[in-house]
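Have a look at the structure below before the remarks.
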Amino acid sequence: MSDLKDAWKSAEVFKKQLALNLNQLESSEAYALHWKQCISLIKQFKPLNVLDLGCGCGAMSEVFFRELTDVKYTGMDYSKDAIELAKKTWKSNNFFVKNVMDLDEHDVSKYDLLFAGALFDVMPNGDEAMEHVMKLGSDSLLLSRMKLTLQESFYTTYRAYELIETCAFHHNRDNFVALCEKYSYNIHPVDDNIYLVKNDKPI
């Protein structure tokens with residue numbers, strides 16, 4: 001499991017990720033579907049400050065710059081190489097290195113949205129990491145590309161970008177709903193993108 005936890009620290013994998021993302025950024029029509037759905041959800045709920053957990057090469061910063069100009073974006077990743085590449089590519093210092101499991105309430109207090117784009121789904125401890133983030137008490141979370149299952153939570157492994165062995169974590173649906181209730185989040189899904197908001201009324 002330790003190898004899987006460290007899988008996304010490779011410099012080479014983020015260069016390949018960046019190449020893919022640059023193609024997707026050629027036009028708004030080329031955006032990945034989950035980008036478009038996340039943009040729509042963010043416009044609906046109107047957060048002001050967003051922390052992108054596991055930002056990788058930082059391409060979402062450009063999406064925010066183009067489509068969500070009223071939102072202040074900050075990216076975070078546990079890979080030093082990813083953050084260096086993000087800062088260089090997007091010419092921004094709104095990126096920092098930190099492991100999501102090391103975040104505390106103080107770290108997230110200035111953000112009203114924590115965004116996780118497939119983060120928990122490439123972690124072998126996806127349920128544990130997701131609950132850790134929920135515990136931090138952020139006003140809202142956006143979980144993109146969530147894989148839910150009626151089975152007990154599990155993960156499979158696959159090769160990403162032909163470079164690293166990583167995992168695809170599937171979260172037990174009932175457990176996910178119970179966690180949302182435990183931490184007072186209401187659930188607003190669009191396909192596999194789920195916006196969680198504290199103490200609001202479901203739409």
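When each of Leu114, Leu179 is tested for being in contact with a strand residue (DSSP E or B) (Cβ under 9 Å, 6 or more places away or on another chain) and within 20 Å of His34 (Cβ to Cβ), the lone residue that passes is Leu114. Here is a list of conditions, (1) open to solvent by less than 70 Å² (accessible area, probe 1.4 Å); (2) not in a loop (DSSP other than H, G, I, E, B), and Ser138 meets all of them except one; can you say which number that is? For Ser138, the exception is condition (2).
Right, Ser138: under 26 Å from Lys43 (Cα atoms), hydroxyl-bearing (Ser, Thr, Tyr) and within 11 Å of the chain's Cα centre (by Cα) or not? The answer is no for Ser138.
Output yes when any residue across the stretch 142-150 is open to solvent by 40 Å² or more (accessible area, probe 1.4 Å), farther than 19 Å from Asp192 by Cα and in contact with an Asp or Glu (Cβ under 8 Å, 6 or more places away or on another chain), and no when none is. Looking through the stretch 142-150, none of the residues is open to solvent by 40 Å² or more (accessible area, probe 1.4 Å), farther than 19 Å from Asp192 by Cα and in contact with an Asp or Glu (Cβ under 8 Å, 6 or more places away or on another chain).
Considering only residues of the stretch 106-135 that are of a type in the set (A, V, I, L, M) and part of a strand (DSSP E or B), which is surrounded by the most Cβ atoms within 10 Å (Cβ to Cβ)? Please lay out each step first, then the result.
Just the residues of the stretch 106-135 that are of a type in the set (A, V, I, L, M), to begin with: 108, 113-114, 116, 118-119, 122-123, 129-130, 133-134.
Pick out the ones that are also part of a strand (DSSP E or B) and you get 113-114, 116.
On the way: Leu113: 24, Leu114: 26, Ala116: 23.
That would be Leu114.
Just for the stretch 7-51: of the residues that are small (Gly, Ala, Ser) and more than 15 Å from the chain's Cα centre (by Cα), which one is most open to solvent (accessible area, probe 1.4 Å)? Across the stretch 7-51, the extreme among qualifying residues is Ser40.
The values are calculated or read from the model by the stated rules, or taken from the named source; none is laboratory data. Every value quoted in this text rests on a predicted model; they were computed, and no experiment measured them. No Cβ is skipped: glycine too gets one built from the backbone with ideal geometry, and neighbour counts run over all protein chains shown. For the accessible areas, the whole protein counts, side chains as well, though only heavy atoms, and no ligand, DNA or RNA atoms are used. Shrake-Rupley method; radii C 1.70, N 1.55, O 1.52, S 1.80 Å.
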